[in-house]
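Chemist: Have a look at this one before I ask anything.
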Amino acid sequence: MIKRGEYLATAADCGACHTAPGGKAFAGGLPIPTPLGTIYSTNITPSADLGIGRYTEQDFSRALRRGVRRDGANLYPAMPYTSYAKFTEEDAHALYLYFTQAVTAVEQRPPPTRLPFPMNIRASMIAWNLLFLDSATFVPDPRQSPEWNRGAYLVQGAAHCGTCHTPRGFLMQEESSRALSGAQVGPWYAPNITSDPVSGIGSWTKDELVAYLRTGHLSGRAQAAGSMGEAVEDSFQHLAAADLDAIATYVRTVPAVRDPADGISRFSAGEMFSELAELRGRDGIRSDSDSDPSGAMLFQGNCASCHSAEGQGSKDGYYPSLFSNSATGANNAANLIATILYGVNRTTSDGQAFMPGFGGRSTDANALSDRHIVALGNYVLTHYGSAGTAITEQQVAEGRQGGPSSPLLAIVRGSMAAGAVVVFLGIAFFIARRRKVST
Ligand code: HEC
Ligand code: HEC
Ligand code: HEC
């Protein structure tokens, strides 16, 4: 049971959020930027005072599957309890045994979460849960195979693919009618992975999807960076072959969602192209300290050494081609911008896939300005990818800040204010009537 709990904790990637970079396992403290402010994960080691040492199995199951803490306060849905609600009683039990008996207690208090008003009122989540928490555990569909049902259980529950890939509605709820059809996660975009052949991954075979989940790399199609790179590294590559097969079997049956703006599949856009000869012919490739380098110059100076002069990547496929590539072929250029800013760093049993970022962090290569990234990005899109897409300085600036911010807080604040006015008027009316009655 403890072993099973450990496997489920890996499949559910509890450590991705509950372990801070360089921190002790499950001791919490990872800052999770949300459009509403930073939420810190908590310590879920068995420390009695600072972790979940005092949680009974019921308390644990309620936190995991209903999003309610031991003290009765509601958790924010940054903890994916809407997915974990699918966990069976037995799997929740296995997780409880693992966390309370096999994880080492860490006496460490993570920073507290302080969201701005009105989101600091945790009870506001009660109304949200009433609207959006489907608290039913997973029910197998008897018309489907056991493999499909295992896949559905993992995708909807532990592996919580929808947390990133399903678009969110007005109140940040997952829109199940458009499940897995693509959503923004911080600076990255988790693409449409429904069975649609144009907007989704309907053109992938089952084995290709399994290979991508196990290695994060599929030549001529896609590479996993950002949060997908982490999910592959920490979780998916460790799953049993039968479970990866089951996940792929299920994902391939998710109803197709087509974006009418998509003309061709993002995996087939673009072709080999080079302006190198012309650049050489003129005045040589100038350095990017040049005040106004062209996209072609920036490409030859920063990218061609790995992705090669014509963008076709290396023969062994370690450096991917920039055409027939999800990040450049999509109408949404978020992943191209995020790749240039943050690079790729993913380690699996296949080895390390590493591309430096150009965003100006201390570990980065050459720092490129927003303006240079626009010139470079548009050059890459025009020649290697989705030629009709153009990026702007504002998009690059948003990518640097961690993704576009949501209008939700403004709306929530506005409606709270409106609500407060309504309540105030109601009270005033009530008092006025009482006065009338008593006089
Ligand atoms: C996507 C990020 C994420 C993942 C994955 C995740 N958690 Fe959490 N979890 C959080 C955050 C953030 C909080 C604190 C939320 C808050 O303060 O409202 C939390 C809170 C909790 C709590 C409540 C502890 C307390 O008293 O504050 C428990 C228990 C918990 N998580 C268990 C788990 C387990 C077990 C898993 C894996 C099955 C898991 N979490 C996976 C983000 C995550
Ligand atoms: C923590 C967020 C997150 C989770 C969880 C997640 N993904 Fe992803 N996924 C992403 C992001 C972001 C990308 C884009 C990565 C890139 O291009 O570098 C992506 C890319 C992909 C792609 C490649 C699509 C393309 O066009 O490039 C597939 C396939 C995929 N994910 C499948 C899955 C499946 C199946 C699951 C669940 C088993 C899953 N993902 C869970 C964030 C996530
Ligand atoms: C040092 C070598 C190197 C340099 C320089 C480099 N890349 Fe990469 N690039 C890589 C590697 C390695 C990968 C990831 C391969 C994998 O995931 O298996 C990658 C992946 C990518 C991807 C796909 C990322 C995704 O998440 O889908 C894009 C797009 C990309 N690079 C564009 C660029 C651009 C534009 C430049 C120039 C600013 C550049 N690269 C410079 C090595 C490099």
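The values are calculated or read from the model by the stated rules, or taken from the named source; none is laboratory data. Source: prediction; values computed, not measured. Every residue, glycine as well, gets a Cβ built from its backbone with ideal geometry; the counts of neighbours run over all protein chains shown. We work out accessible area using only protein heavy atoms, side chains counted, and drop any ligands, DNA or RNA first. Shrake-Rupley method; radii C 1.70, N 1.55, O 1.52, S 1.80 Å.
Chemist: Taking the Cβ of Thr10 as the center, what net charge do the other residues with Cβ under 14 Å away carry, scoring Lys and Arg +1 and Asp and Glu -1? The partial results should precede the final answer.
Modeler: Values: positive: Lys3, Arg4, Arg214; negative: Glu6, Asp13, Asp91, Glu230, Glu233, Asp234, Asp243.
Taking every other residue near Thr10 into account, the sum is -4.
Chemist: Among Gly23, Gly311, Gly329, which one shows the biggest mean-square fluctuation in a GNM of the chain, springs joining Cα atoms closer than 10 Å?
Modeler: Result for the chain, Cα springs under 10 Å: Gly23 fluctuates most.
Chemist: Could you sort Ile44, Ile373 by accessible area so the largest value comes first, with the probe set to 1.4 Å?
Modeler: On the way: Ile44 25, Ile373 0 Å².
Descending order: Ile44, Ile373.
Chemist: Hey, can you grab everything whose amide H is under 5 Å from the amide H of Thr45? Only 5+ residues off in sequence or another chain; H modelled, so Pro and N-termini drop out.
Modeler: Ile52, Val106
Chemist: Can you tell me which of 348-354, 168-174, 148-154 comes out highest on packing, and rank the rest after it, using the mean Cβ neighbours within 10 Å? Could you put the intermediate results ahead of the total?
Modeler: On the way: 348-354: 13.6, 168-174: 15.3, 148-154: 21.4.
Order by mean packing, descending: 148-154, 168-174, 348-354.
Chemist: Determine the gain in length on full extension of the stretch Leu171-Ser349; use 0.36 nm per residue of separation and subtract their C-alpha separation, reporting nm with one decimal. Intermediate values should be presented prior to the final figure.
Modeler: Values: separation 178, 0.36 × 178 = 64.08 nm, distance 3.92 nm.
Answer, rounded to one decimal: 60.2 nm.
Chemist: Using a 1.4 angstrom probe and counting only protein chains, how large is the accessible area of Cys17 in Å², to 10?
Modeler: Answer for Cys17: close to 50 Å² accessible.
Chemist: Specify the angular offset, from 0 to 90 degrees and rounded to the nearest 10, of the alpha carbon long axis of helix 57-66 from the longest principal axis of the alpha carbons in the chain.
Modeler: 60 degrees
Chemist: When a/c reaches 1.5 or more, the comparison of a/b and b/c decides; with that in mind, is region 124-186 rounded, prolate or oblate per its Cα gyration tensor?
Modeler: Details: a/c = 2.49, a/b = 1.50, b/c = 1.65.
Oblate, because a/c is 1.5 or more while a/b does not exceed b/c.
Chemist: For region 7-105, go through all pairs of different Cα atoms, get the mean of 1/r, take its inverse, and jot down that Kirkwood value in Å.
Modeler: On the way: mean 1/r = 0.0737 Å⁻¹.
Here the Kirkwood hydrodynamic radius works out to 13.6 Å.
Chemist: Which net charge results when you count Lys and Arg as +1 and Asp and Glu as -1 among the other residues whose beta-carbon is under 14 Å from that of Ala78?
Modeler: Numbers: positive: Arg69, Arg114, Arg122, Arg168; negative: Asp13, Glu174.
My count for the surroundings of Ala78 gives +2.
Chemist: Treating each Cα of the chain as an identical point scatterer and ignoring solvent, apply the Debye formula and state log10 I(q)/I(0) at q = 0.07, 0.10, 0.14 Å⁻¹.
Modeler: Cα-only, vacuum Debye calculation for the chain: -0.40, -0.78, -1.36.
Chemist: Accessible area per residue for region 1-126 in Å², computed with a 1.4 Å probe and the full protein assembly in place, what is it? Can you show the working numbers first?
Modeler: Numbers: 5830 Å² over 126 residues.
Per-residue value: 46 Å².
Chemist: Could you provide, to the nearest whole Å², the per residue accessible area of region 276-400 with probe 1.4 Å?
Modeler: With the other protein chains kept in place, region 276-400 gives 46 Å² per residue.
Chemist: With an 8 Å cut-off on Cα pairs and a minimum separation of 6 or more residues, tell me the relative contact order of the chain in percent. Spell out each step's value before the answer.
Modeler: Details: 792 pairs, mean separation 58.8, N = 439.
Computed value for the chain: 13 percent relative contact order.
Chemist: Which percent of the accessible area of the chain is formed by carbon and sulfur heavy atoms (probe 1.4 angstrom)? Let's see the in-between values first.
Modeler: Details: 12220 of 21540 Å².
Carbon with sulfur: 57 percent of the solvent-accessible area.
Chemist: Moving to a separate point now. Straight-line reach from Lys206: which aspartates and glutamates have a Cα under 18 Å away, not including same-chain ones fewer than 8 places off?
Modeler: Glu147, Asp196, Asp243, Asp245
Chemist: Of Arg252, Arg122, which has the most accessible area with a 1.4 Å probe, and how do the rest follow in descending order?
Modeler: Solvent-accessible surface, decreasing: Arg252, Arg122.
Chemist: Show Tyr189, Tyr96 ordered by accessible area, largest first, where the area counts protein heavy atoms only and the probe is 1.4 Å. Could the numbers behind the result be given before it?
Modeler: Details: Tyr189 60, Tyr96 35 Å².
If we order Tyr189, Tyr96 from most to least accessible, we get Tyr189, Tyr96.
Chemist: Something else: If R₀ is 30 angstrom, what is the calculated FRET efficiency for the pair Ser294 and Asp207, using the beta carbon separation as r and rounding to 0.05? Write out the running numbers ahead of the final one.
Modeler: Values: r = 41 Å, r/R0 = 1.38.
Computed FRET efficiency for Ser294 and Asp207: 0.15.
Chemist: Would you work out if region 63-202 is rounded, prolate or oblate? Take a ≥ b ≥ c from the square roots of the eigenvalues of the alpha-carbon gyration tensor; rounded if a/c is under 1.5, else prolate when a/b is larger than b/c, oblate otherwise.
Modeler: Numbers: a/c = 1.79, a/b = 1.24, b/c = 1.44.
Cα axes put region 63-202 in the oblate bin.
Chemist: Taking the chain as the reference, fit the longest principal axis to its C-alpha atoms, fit the long axis of helix 370-384 to the helix C-alpha atoms, and give the angle between the two in degrees, 0 to 90, nearest 10.
Modeler: Helix 370-384 sits at roughly 70 degrees to that axis.
Chemist: What does the charge count around Gly343 come to, taking other residues whose C-beta lies under 14 Å from its C-beta (Lys +1, Arg +1, Asp -1, Glu -1)? Each step should come with its number before you reach the end.
Modeler: Details: positive: Arg346, Arg361, Arg400; negative: Glu230, Asp364.
Net of charged neighbours comes to +1.
Chemist: Sequence neighbours fewer than 8 away in the same chain don't count; with that in mind, list the aspartates and glutamates whose C-alpha is under 16 Å from Lys24.
Modeler: Reachable aspartates and glutamates: Asp13, Glu107, Asp234.
Chemist: If you don't mind, another one. Roughly how many whole Å is it from the C-alpha centroid of region 5-84 to that of region 292-341?
Modeler: Centre-to-centre distance over Cα atoms comes out at 38 Å.
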